[in-house]
Amino acid sequence: MIEVNKDEQKYAFLWDKESQQKNRYGDNIELTQEDNALRNISLNINGDLGIGENPNRYKQHGFYLNADNCIGCHACEAACSEKNDNPAHIAFRSVGYVEGGTYPDYQRINISMACNHCDDPVCLTGCPTRAYTKFAEYGAVLQDPDICFGCGYCTWVCPYNAPQLDPVKGEVTKCNMCVDRLEVGLKPSCVTACLGNALDFGVIENVPENREQSQAEIPGFPTTEITHPNIRFQQTKGSHHEMTRTDSMPVKYHREDTQKPFKPVVDEKSGRKKYWNFKSLLTSHESAHVIFTLFTQATVGAFLILILAPLIAPETFLLFQDVSVYPPILIIIFVISTVGLYKLNMHLGKPHRFYRGFNNLRLSPVSREIAGVSMFYTGLLGAMMASWFEHEIAQVLFYCFAALGCLSGVIGLYYMYKLYRIPARPFWDHKQTGTAFLGTTLSFGGLILLIACLSLIPWPVLATQQLIPVLFGIIGLGLMIEGLGHILHAHDMKAATNEGAASYYQQVTQYGKSYILRNILLALNLALVVTLTFTEITSILDPAFILIVVLVIAMLVMGLFGRSLFFVLVIPTTMPGAFFWKNQGFVDHARETGLAEMQQVGVVYERHHAFKVDELWQTIKENSLKDMFKHVVWIFGGK
């Protein structure tokens, strides 16, 4: 336990004496029963086995922000970072603001935000490593960075940007509610440091002394429906009907009248001009996910067609029933799948802890996706090895592994879709995510088999079969499903009353030319597939064969641009930032101009493993064994 200073001020101590039984969401504020086994357990803070004597130890606590008093001094941020020994680029608590009106009727609302220790913490259910725990003590949602392997999924699902992924350490950390201070009756450090008496803390739904409101929402605060956050607000000063953000996010908040809550709408900060924006599109932080999702969906699709199609239409897929065809095609599928898995694993902050991704199969769609894709990879590998032998036992093993690969591949793709249906990211939380993934599975799965057949099977044999036209049909079906999803998605996002509309705005402006190119290539590919389906190609020297080459190139470019847009366009329901702090526009500017080299700016370059691999290769070419060893250690988790 920490020691309480003898001169500690009265305002630093917890003040709750009584509390309600239920919160506004109908959840119990008392988190245990008197005879519950969770009671009287030490939090083991700094190895101390003592138990705090706070009478409200097992009640849900939360923060209280009086927005009328917050002056935006950032003292709460400083106190939090000092207590938790955070580097300059990590802040568990941050202060942003929204503003509205014009002189002389100008208004600014400051919002201080940390983890809200929600009733339904989506970070806990989403984390594949089970690094999160919601404790009965104070209702604190705590995270263990030593368990985390740095996938960052919790930063995706949290509506409030509470978990912080450190690009240097490769791990997530977050606000811990200062439970060590709560155990001795003190409020969190950020609260006691507040200069304007704006922050407070206590049992949730209790209104602090000299306060008159306990609201669940404030302009700029994301919807409470996702997680039931434990924070309450006071804002007695009226707001303008429209409040804007000063950061680069093209979002503002609007309401029709004072009886309705604010809704996020588009703020056209960048005008309507269209750009390519190649650099941001093709070199984003999520480039590894672009490769992994494309490669995995394509290989699962190819494997399913290869194994199941002969069972459905044996005459059409007669060539696939020849066991001599399987080994080389399976090798191609295996290599593509391996590259995708490698890119995903190296994207982790701590790749050597990849095995922890299976820890939360009960709750996390990420764990289930990892399990499904891993079992598919196992089935694919087993089928590939068994296909080389003609013995009866080998054939039995082949069909067993093939069945495993088909079943687990479908499971893996389903949970790949589910993990992107994130309410805190409205651009993804749409059926188009499913149509895009299904379309890619069919179109690129068929494309892999098309290329494999044209490369491995003699053309005179292919010319006598219906296999190639049917593969074109499968590719076309995938493209039509994807295209229909894109049309519906654009229609819904354009009319949305959430951050999805802002994503659509960026799609047609900041990435407008890239978006148009993707759409043109999609239409071109559909036209080529229809043409080739009804075109007789007798040999590789046939002029129509050029159309196949064009189709392959156009499909690859379309897939790369389309999936990259999927990742770079998503705008989360995060809290507003300030002009410099928590502003993605300033972060990009600092990295481009070199300001990120200055520690006090609070921005760092992404020290990601994928880039370290490039450095390793450069070191190998320079024959520096000592430096090469350092890079190997860095890549696999050393420091």
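The values are calculated or read from the model by the stated rules, or taken from the named source; none is laboratory data. All of these numbers come straight from a predicted model, not from anything done at the bench. Quick reminder, even Gly has a Cβ in these numbers, built from the backbone with ideal geometry, and neighbours come from all protein chains shown.
For the stretch 374-384, check the following and say yes or no: at least one residue is more than 30 Å from residue 125 (Cβ to Cβ), assigned to a helix (DSSP H, G or I) and without any contact (Cβ under 8 Å) to a residue 12 or more places away in the chain.
No; the residues of the stretch 374-384 include none that is more than 30 Å from residue 125 (Cβ to Cβ), assigned to a helix (DSSP H, G or I) and without any contact (Cβ under 8 Å) to a residue 12 or more places away in the chain.
Looking at this structure, is residue 275 touching a helix residue (DSSP H, G or I) at 6+ places or on another chain (Cβ under 9 Å), farther than 30 Å from residue 413 by Cα and of a type in the set (Phe, Trp, Tyr)?
For residue 275, the condition - touching a helix residue (DSSP H, G or I) at 6+ places or on another chain (Cβ under 9 Å), farther than 30 Å from residue 413 by Cα and of a type in the set (Phe, Trp, Tyr) - is met.
Can you confirm whether the stretch 485-497 contains a residue that is surrounded by fewer than 20 Cβ atoms within 10 Å (Cβ to Cβ), among the aliphatic types (A, V, I, L, M), at pLDDT 90 or above and over 30 Å from residue 254 (Cβ atoms)?
Within the stretch 485-497 (the criterion being surrounded by fewer than 20 Cβ atoms within 10 Å (Cβ to Cβ), among the aliphatic types (A, V, I, L, M), at pLDDT 90 or above and over 30 Å from residue 254 (Cβ atoms)), the answer is no, since none of the residues qualifies.
Residues 357, 412, 349: which one is under 26 Å from residue 288 (Cα atoms), in contact with a strand residue (DSSP E or B) (Cβ under 8 Å, 6 or more places away or on another chain) and small (Gly, Ala, Ser)?
Result: 349 is the single residue among 357, 412, 349 that is under 26 Å from residue 288 (Cα atoms), in contact with a strand residue (DSSP E or B) (Cβ under 8 Å, 6 or more places away or on another chain) and small (Gly, Ala, Ser).
Could you give me the residue pairs with C-beta distances under 6 Å whose first residue belongs to the stretch 111-133 and is within 20 Å of residue 349 (Cβ to Cβ), whose second residue is of a type in the set (Phe, Trp, Tyr) wherever it lies, and which are 6+ apart or on separate chains?
123/132; 124/132; 126/153; 129/149
Pairs only if they're at least six apart or on different chains, beta carbon under 6 angstrom, first in the stretch 410-425 and in contact (Cβ under 8 Å) with a residue 12 or more places away in the chain, second in a helix (DSSP H, G or I) and surrounded by fewer than 20 Cβ atoms within 10 Å (Cβ to Cβ); list them, first residue then second.
What qualifies is 417/434.
For a quick check of your reading: which strands (runs of 3 or more DSSP E) sit entirely within the stretch 89-148 and have at least 1 residues that are in contact with a Ser or Thr (Cβ under 8 Å, 6 or more places away or on another chain)?
Qualifying strands (runs of 3 or more DSSP E): 94-100, 107-113, 141-143.
Taking residue 451 as the residue in question, decide whether it is of a type in the set (Val, Ile, Thr), at pLDDT 90 or above, out of contact with any Lys or Arg (no Cβ under 6 Å at 6 or more places or on another chain) and surrounded by fewer than 20 Cβ atoms within 10 Å (Cβ to Cβ).
In short, yes.
Can you tell me which of 462, 438 is on the phi < 0 side of the Ramachandran plot, modelled with pLDDT of 95 or more and of a type outside the set (S, T, N, Q)?
Sole residue among the options that is on the phi < 0 side of the Ramachandran plot, modelled with pLDDT of 95 or more and of a type outside the set (S, T, N, Q): 438.
Restricting attention to helices (runs of 4 or more DSSP H) lying wholly within the stretch 409-526, give those where 2 or more residues are of a type in the set (Ser, Thr, Tyr) and under 20 Å from the mean Cα position of the chain (by Cα).
431-456, 499-508
Could we say that residue 291 is over 24 Å from the mean Cα position of the chain (by Cα), modelled with pLDDT of 90 or more, in a helix (DSSP H, G or I) and of a type outside the set (Phe, Trp, Tyr) here?
So residue 291 does not fit the description; no.
Residues that are in a helix (DSSP H, G or I), loosely packed, with under 14 Cβ neighbours inside 10 Å, modelled with pLDDT of 90 or more and polar (S, T, N, Q): does the stretch 527-537 have at least one?
Yes, the conditions are met somewhere in the stretch 527-537.
Which residues, taken from the stretch 264-287, are among the charged types (D, E, K, R) and buried (at least 17 other Cβ atoms within 10 Å of the Cβ)?
267, 269, 286, listed by residue number.
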